[in-house]
Amino acid sequence: MVTIIKNQLLKHLSRFTKNLSPEQISLSALRGSGELQDLTLDEDLLTDLLELPGWLRLTSAKCNRASFRIQWTKLKTVPIVLNLDEVHIALEVCSEPRVMNPSAAGALPVPGKYSYIHKVIDGISVAVNHVQIDFNCDAFTSSVQISRVTVESRTPDGRKGDLRLTRIKCTDTGQLLIFKELEWQSARIEAKAHGAASANLPPLRLLLGNTHCRIVIKKRLSDCAVIASRLAICPEPVAWALTDGQLRAALACAAALAQPVRRATAAATRAKALRKIEEPREQIQSRPSGAAGERDILARVFAKHDVRETSYHLLAPRIDLHLCDDPGLGRSEKPSLSKGGALQVTLISMQADLFPYHKASNDRRHWKGYRESATPHSQWLSQALSSFCTNLLETLDPRPLSTNNKNQVARGEETASNGTSQKPAAEAPQRSASSVPPATTTSQPSPTRTRILQRLGKLMTTCLVLRIDNFTVYKVSTGSKTYEALRPLVNAEKATLPGDAGLLHAELTFFYYPGDDCFPVPAPKLYVQLSPVRVSLDVNSAVWLGAFLPHVAGALAPPRRGAADPDTPPPAPYMDVRMEAIMPKIVLEAGSEHVSQQRDRPKELHVCTARAMLTNVRESPRANTAGTRADLAAILSALRRATPPRGEFPASTEDLDPIHEQFVLHADNLDDVDRGTAISPELLWRENRSVWCARVEPLWADFCGARATNYKPAPLLDATPLTAWLCFNDDLSRIWVVGRTCGLAGLQVNHYQLLFLLRQLERVSEMMAWLAHDASRQPDAEEGSIVVGLVVPAVELTFVLPSNCPGQESSRDLDSVPLDSSSLQDLKMGSEATMAPSIQDRDSGVPPASSVDVLLAQSLPAEEVPPPASPGLNFGGFSTMRRGFNSLVTSIDSALTRDDTRSDAASTASSDSDRYVVVGLAAESPDDADLAFREFEHGRASSAVEVAAEVVERSSSPSDHSVTSSCRRRDVISTSTWRLNNIHVVHQSANGSSRLRLAADDLVSDECTAIPWDEFQNKFSMRARAWTEPAIDEDSELKPRETPNVAARLTRTELSRTLNENGEATGLAPYEELLEARVRDLSLALNMSTALALSEFIEDEVIAPPMPLEVLIENVKVHLVEDRPVRSILSPPPQPLDIDLTTLRVTRASDGVLRLGPPLSTPSTVASPSTPQPNPELDEARAAIDSLNKENEELRKRLLTLSRIADDNRELRAKVEEAAALRQCVHKAQQEAVSLLADKQELLETVRALQEQAGCRGKR
């Protein structure tokens, strides 16, 4: 008996093993146990049987001992257990996609109907003590060691149980669901890159703890074929520490695998998608709604757990990543970072989903955890697919549309709309039937368009979705002796979002056709949405990242393509990108210079926006918004109008023009990519994607943390929309930016806020200097440049000064903050709401508002503790009571639903096996179909409770909106407002020097000697709304700008670095600065008190080295009014002072000596290109410049004419399209008229024939 069984095992196992003998097998048939030793598997056969990816090949597979246990009497309920001791596997990377071995086809199982033996095989449990996987590649070698691996069958809710509960069979569709779980105790991954470029890279080592993999397999009962599957990997919280060398090694390994994986995966995906398209789709048979029974329950359970398409998921509850820098180019030379630093990144509830075989016409409602209604990019994707369908039809078959073709185009666009329609799928046949034209129409559909629409119906997508519920990037920690708690550099502000909203949502979508169909597809699309985050500006962290990231990214640098073009970088991938940030906030924090006794001094500056967007896809020309080519053309036109005449101050011959040629071509739609006329997937990828548009709608800035404002925000910049356009060369070394603000930009600042801004400016200057220094140390560093041009229609800068009125002293004490009448009603409502806390607050463990106030007070220093809020100003009780009531109603509904389901399940209980399975699945099935996603959502819900506590804490803080609305300041201040119009700002940085140029017109001042602080704030916010930009007529378009009233230029030149005793350059390179300005044709009026207050206003707290400057004043009149009180009653009234400055030159050198004199007679003490010197060559140059200016004006007029012609051409194209549509309508009407005439003629002939027959009968 044993010999017969051994021979049968040898017969079957010899096909998969090498040199297997009977001595290696020991059996006990009656006990159902056996053991095999020293197994060597056939690697070529297993490579194909296991369906390994096409870029992998199995070179060796060995097992030292394998044992199995079979319970013959319980095969239906208890699985066969297979235990493996040690398994050694060797893999290698194939440079070309692997071809299937012909001998493997004979070893494949013959397709047959799903039977009892398949149930037994599908229920086998496998346990492996140790797995060793060696991975070999040309660029690296790696090994993976996994311990305690188990593969078991589980119930749909993830529990161990009867084997009959691990499968769900639906006889209506002829399909079967199998539930498995793969688990390992620990995994160790090691990789070592080798080669000339990776000789000094350290090995990469990663550790993984206990990990669960939930697997759902969907089979067809007729032939046991796998239709779809779902794999969800759920690791425990992971903590990794990586140096820059290890990251470079990891990126080098990934870069080596990228090309073979991409080729093999693309071919395999298209082949598998072709099989999925050809598979017949079985639909569940419809039954009457009142039918009940076990088949209906089983069908509902099957539909609940159904896997509609193959997907792979990674559900990571927490990942802590610690990045450290090694000595070398990856470490900054900044003294505070010279000993190294570390950066910690924490990711909470990260979910990565891959859907490789999703049909473009299907919806995404069945994707686990995917909220299609919460992702605003669905409309963007739908519009892009609809536009692609229309362009493809117009390109391949540009003849006029008939009635049937229009209907087919509409149906094709609806098919490619990504399933965003909210109508059920059952209505689709009705819509199609209703859209069919009547039989009387004589026009026939185009066969070409019919074939195109058929191909578009097979369009598939591979979609990668990344969602992160929360993440925190901490500031860089250095090796200093003093211990400092980690402070966040980038963190989420979840208090401003709903509880179920994630922080980061990213989608990458690729399009393809099944099989080897070479047909045009839409361009790949990347969408990223970032919810509210707070980004703190930290100098050490920014400098550390500036040295760390470029050094790590150098591992991804592509190899040189050849000796003919060694410096030519590869072309950038063509992709549609759209990135949005909702309510981001950039925070500039005060440093150690903050003085708590200065009540007006802020602690932070918040730069905020409601939405920021960056995209390289143009909006529709019909949309009257920013982001269109017309908007870019308008910005370029505004820049040209505001640009000062070339050759005049503040411009010079070395200046770079911010208007790059790429902008002009893109605005006129003349930069399309030539793809030829041959049919290819990239046929319609013609629009240039190298020009990016950034929109900030709107932008504002607030000071926070000052005790004088009761810790509430004080505005710096009023809300102003900003639009910018960017373009750069291939290697990103040269960047051009043009931008424009809309409306009036209002600014206000007091003395202590100015001091805060000056200190922040010093930090930013230091940060930029170190970033430039570390960038120059990189081995492949190139001389780059950046040019930024900005146009601002008008700016109002208000200096907030102390009031000069007697008896109106500033009272900033907290006791002097009154409550207005509107806040008294809020106080009453708040006290009533907080008297009865809800049951949900007590059960959830959220601390009450009073305890949160105590904790908040303890966490702040004594001088920084906010004032206690009045009792009753917290509205947390009312909101939580409402949430508790909503959750109570929801729980009642869900309880009723569960009771109905369980009653249906209990009514079908019996001792039969199949019915037992139905009852078990229906009664034990949770609300969520998959345990992995339910546990992941539970983790997100637990973290949401912590966020809720944070929300309560924030609501009790002094910055609460209810407190803000109830506080009023009685400070009386004076203001001095200065307005500039038509502002043109250009900043350029190149070759170690930078220049900032400014030109403005109409400098106007306005004063207010006494005004309450709160009234000024109300008027400040209303001022920008009342301002309107003057209209631009055609004459102004062609007219060059006159010499500006105010012009300035700040030049900064980098010098050579200092050398130490060893002759090595150390530290930052010193620099020279020169400020030049020209003010002309102005008339100003000021009060003497305001002038003195302004002199005190600009006084700095730090003595800085004097900056060399040169100011030329021409035709400036100043009227000073003495408004200060006289000291003696007998003194005469003060008289105004008029100052008329015809020409005056003010210079200051580095020694700090201020020199005044005429512009021509006094030689310049500062080398400046603006100093006029008599020179005949200069006169000739000026004449040449004048002629060039005239030629430029002529060219500008021609360019404007060409732009108008382009606009006329666009209008003509639109009219031609309308005319074509009208001709089609006329043609259709003519055809209908001809048809009607033919029908009329037939009717007349019929009537005539009937009359003749009637006449003949009458004669008879």
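The values are calculated or read from the model by the stated rules, or taken from the named source; none is laboratory data. What you are looking at is a predicted structure, and each value in this text was computed from that prediction instead of being measured. A quick note on method: Cβ atoms are made from the backbone with ideal geometry, for glycine too, and the neighbour counts reach across all protein chains shown. Protein only, heavy atoms only, side chains kept; ligands, DNA and RNA dropped before computing areas. Shrake-Rupley method; radii C 1.70, N 1.55, O 1.52, S 1.80 Å.
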query = Which residue, of Ala1214, Ala1221, is touching a Pro at 6+ places or on another chain (Cβ under 9 Å), under 18 Å from Pro398 (Cα atoms) and assigned to a helix (DSSP H, G or I)?
reply = Ala1221
message = Consider segment 1005-1038. How many of its residues are charged (D, E, K, R) and part of a loop (DSSP other than H, G, I, E, B)?
response = 2
inquiry  = Quick check on Arg611: is it closer than 30 Å to Ser378 by Cα, within 34 Å of the chain's Cα centre (by Cα), outside any loop (DSSP other than H, G, I, E, B) and not polar (S, T, N, Q)?
reply    = yes
query = Quick one: in segment 3-47, which of the residues that are in a loop (DSSP other than H, G, I, E, B) and among the aliphatic types (A, V, I, L, M) is most open to solvent (accessible area, probe 1.4 Å)?
reply = Leu30
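Residue by residue, here is whether (1) over 25 Å from Lys585 (Cα atoms); (2) without any contact (Cβ under 8 Å) to a residue 40 or more places away in the chain; (3) more than 23 Å from the chain's Cα centre (by Cα) holds:
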site: Asp657; (1), (2), (3): yes, no, yes
site: Asp671; (1), (2), (3): yes, yes, yes
site: Asp674; (1), (2), (3): yes, yes, yes
site: Cys693; (1), (2), (3): no, no, no
site: Ser733; (1), (2), (3): yes, no, yes
site: Val737; (1), (2), (3): no, no, no
site: Asn750; (1), (2), (3): no, no, yes
request  = State whether one or more residues within segment 1157-1165 are at pLDDT 75 or above, hydrophobic (A, V, I, L, M, F, W, C), open to solvent by 50 Å² or more (accessible area, probe 1.4 Å) and in a loop (DSSP other than H, G, I, E, B).
outcome  = no
query = Are there any pairs, at least 6 apart or on different chains, whose C-beta atoms fall under 8 Å, with the first in segment 623-643 and under 17 Å from Ser1203 (Cβ atoms) and touching a residue at least 12 places away in the same chain (Cβ under 8 Å) and the second in a loop (DSSP other than H, G, I, E, B) and among the polar types (S, T, N, Q), and if so, which?
reply = Arg629/Asn669; Asp631/Thr625
ask   = Of the residues Arg1049, Arg1041, which single one is among the charged types (D, E, K, R), open to solvent by less than 50 Å² (accessible area, probe 1.4 Å) and not in a strand (DSSP E or B)?
value = Arg1041
ask   = Restricting attention to segment 345-366, and to residues there that are more than 16 Å from Ala932 (Cα to Cα) and outside any strand (DSSP E or B), which single residue is most open to solvent (accessible area, probe 1.4 Å)?
value = Arg365
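Would it be correct to say that Pro1106 is part of a loop (DSSP other than H, G, I, E, B), touching a residue at least 40 places away in the same chain (Cβ under 8 Å) and under 30 Å from Ala634 (Cβ atoms)?
no
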inquiry  = Suppose we filter Val131, Val151 for residues that are open to solvent by less than 30 Å² (accessible area, probe 1.4 Å) and without any contact (Cβ under 8 Å) to a residue 60 or more places away in the chain; which single one remains?
reply    = Val131
ask   = Leu1188 is checked against (1) out of contact with any Pro (no Cβ under 8 Å at 6 or more places or on another chain); (2) modelled with pLDDT under 80; (3) farther than 28 Å from Arg1052 by Cα; (4) surrounded by 12 or more Cβ atoms within 10 Å (Cβ to Cβ) and fails just one. What number does that condition carry?
value = (2)
inquiry  = Just the residues that are closer than 30 Å to Thr390 by Cα, open to solvent by less than 40 Å² (accessible area, probe 1.4 Å) and hydroxyl-bearing (Ser, Thr, Tyr), please, taken from segment 584-640.
reply    = Thr615, Thr628
note = In segment 217-245, residues that are open to solvent by 30 Å² or more (accessible area, probe 1.4 Å) and closer than 15 Å to Arg205 by Cβ total 4
ask   = Does segment 19-63 hold any residues that are in contact with a helix residue (DSSP H, G or I) (Cβ under 7 Å, 6 or more places away or on another chain) and among the small types (Gly, Ala, Ser), and which are they?
value = Ala29, Gly32, Gly54, Ser60, Ala61
query = Got a number for residues in segment 648-674 being in a loop (DSSP other than H, G, I, E, B), within 20 Å of Leu1199 (Cβ to Cβ) and of a type in the set (Val, Ile, Thr)?
reply = 1
ask   = So, in segment 1002-1024, of the ones that are in contact with a helix residue (DSSP H, G or I) (Cβ under 9 Å, 6 or more places away or on another chain) and either open to solvent by less than 20 Å² (accessible area, probe 1.4 Å) or charged (D, E, K, R) (or both), which residue ends up farthest from Leu1082 (Cα to Cα)?
value = Ile1011
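Can you name the strands (runs of 3 or more DSSP E) wholly within segment 129-215 that have at least 2 residues being over 33 Å from the mean Cα position of the chain (by Cα)?
The strands (runs of 3 or more DSSP E) meeting that bar are 140-153, 167-170, 175-193.
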query = Mind checking whether some residue in segment 57-71 is at positive phi and open to solvent by 30 Å² or more (accessible area, probe 1.4 Å)?
reply = no
ask   = Residues in segment 87-97: is at least one modelled with pLDDT under 90, of a type outside the set (Ser, Thr, Tyr), assigned to a loop (DSSP other than H, G, I, E, B) and open to solvent by 50 Å² or more (accessible area, probe 1.4 Å)?
value = yes
